[in-house]
Amino acid sequence: LARGIPVCLGTDGGCTNSRRSVFEEMRMAALLAKARDADAEAVTAEQVLLAGTARGGEVLGLPVGRIAAGYLADLVVLDLEALSLQPAGTAEKQVVYAMQPEAIRRVLVGGEPIVEDGRPVRVDEDAIRAEVARVTAGWAPPPR
């Protein structure tokens, strides 16, 4: 960042981030940069938020990461009243360092709703749980 190299963040599978959460990637990137440099000001929340949002589209040459004509309507709508996004007026910092999944109210991909009121709308959660239980029934329990 200090040299002007554009940095973007993302996740593409369980081996990189079991939560598959760009929000978790932003938090880890910020904390690791600060720990690596032993400097609380090594990176700002605003820089990390940009890396986790608009910068990806810029670096990859894709029409994503901005709300603008010609861009894909991929949006995450947050509840700014959620406790994890408090106090008011510090949204960038709270999104990067403290936001909990409950703050995610709506997700649109290509303009189509994927999450409404914090719940997925295109999948049957009970069916997924049943299938996971069926597939993993013979697996050894995870180590403690």
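The values are calculated or read from the model by the stated rules, or taken from the named source; none is laboratory data. Because the structure is predicted, anything quoted here is derived from the model rather than measured. Don't worry about glycine lacking a Cβ; one is built from the backbone with ideal geometry, like all the others, and counts go over all protein chains shown.
Return yes when Arg106 is assigned to a loop (DSSP other than H, G, I, E, B), closer than 23 Å to Glu125 by Cα and of a type in the set (D, E, K, R) and no when it is not. Break it down stepwise before answering.
Working: assigned to a loop (DSSP other than H, G, I, E, B): no; closer than 23 Å to Glu125 by Cα: yes; of a type in the set (D, E, K, R): yes.
Judged against the criteria, Arg106 is not a match.
Out of Val96, Val77, which single residue is under 18 Å from Glu24 (Cβ atoms) and either among the aromatic types (Phe, Trp, Tyr) or modelled with pLDDT of 95 or more (or both)? It would help to see each step written out before you state the result.
Numbers: Val77 fails: under 18 Å from Glu24 (Cβ atoms).
Residue meeting the stated conditions: Val96.
Restricting to region 50-66, give me the number of residues that are farther than 13 Å from Leu1 by Cα and within 17 Å of the chain's Cα centre (by Cα).
Keep residues of region 50-66 that are farther than 13 Å from Leu1 by Cα, which gives 52-54, 56-66.
With the extra rule that they be within 17 Å of the chain's Cα centre (by Cα), the set shrinks to 52-54, 56-57, 64-66.
Result for region 50-66: 8.
Under the condition of being within 13 Å of the chain's Cα centre (by Cα) and without any contact (Cβ under 8 Å) to a residue 24 or more places away in the chain, which residue from region 99-113 is farthest from Arg27 (Cα to Cα)?
Glu102
What do you reckon, is Asp39 loosely packed, with under 11 Cβ neighbours inside 10 Å, out of contact with any Gly (no Cβ under 9 Å at 6 or more places or on another chain) and under 17 Å from Lys93 (Cα atoms)?
When the stated conditions are applied, Asp39 passes them.
Which residue, of Ala73, Ala68, Ala51, is in a loop (DSSP other than H, G, I, E, B) and touching a residue at least 24 places away in the same chain (Cβ under 8 Å)?
One residue alone meets the criteria, Ala73.
Are any residues in region 80-91 surrounded by 15 or more Cβ atoms within 10 Å (Cβ to Cβ) and not hydroxyl-bearing (Ser, Thr, Tyr), and if so, which ones?
Ala82, Leu85, Ala91 - these are the residues of region 80-91 that are surrounded by 15 or more Cβ atoms within 10 Å (Cβ to Cβ) and not hydroxyl-bearing (Ser, Thr, Tyr).
Please go through region 95-144 and give me each residue that is among the acidic types (Asp, Glu) and surrounded by fewer than 11 Cβ atoms within 10 Å (Cβ to Cβ), ordered by number. Write out each step before concluding.
First, the residues of region 95-144 that are among the acidic types (Asp, Glu): 102, 112, 116-117, 124-126, 131.
Asp117, Asp124, Glu125, Asp126 - these are the residues of region 95-144 that are among the acidic types (Asp, Glu) and surrounded by fewer than 11 Cβ atoms within 10 Å (Cβ to Cβ).
With the condition kept exactly as written, say whether any residue in region 87-96 is assigned by TED's automatic domain parsing to the domain that holds Glu25, on the phi < 0 side of the Ramachandran plot and touching an Asp or Glu at 6+ places or on another chain (Cβ under 6 Å). Before you say what the answer is, go through the steps one by one.
Here is the first cut: in region 87-96, the residues assigned by TED's automatic domain parsing to the domain that holds Glu25 are none.
Taking every residue of region 87-96 in turn, none turns out to be assigned by TED's automatic domain parsing to the domain that holds Glu25, on the phi < 0 side of the Ramachandran plot and touching an Asp or Glu at 6+ places or on another chain (Cβ under 6 Å).
Check Ser18 against each of (1) more than 14 Å from the chain's Cα centre (by Cα); (2) loosely packed, with under 12 Cβ neighbours inside 10 Å; (3) outside the structural domain of Val115 (by TED's automatic domain parsing) and name the one condition it does not meet.
Looking at each condition in turn, Ser18 falls short on (1).
Out of the residues in region 61-79 meeting the condition of being more than 13 Å from Val109 (Cα to Cα) and small (Gly, Ala, Ser), tell me which one is surrounded by the most Cβ atoms within 10 Å (Cβ to Cβ).
Residue satisfying both the conditions and the ranking: Ala68.
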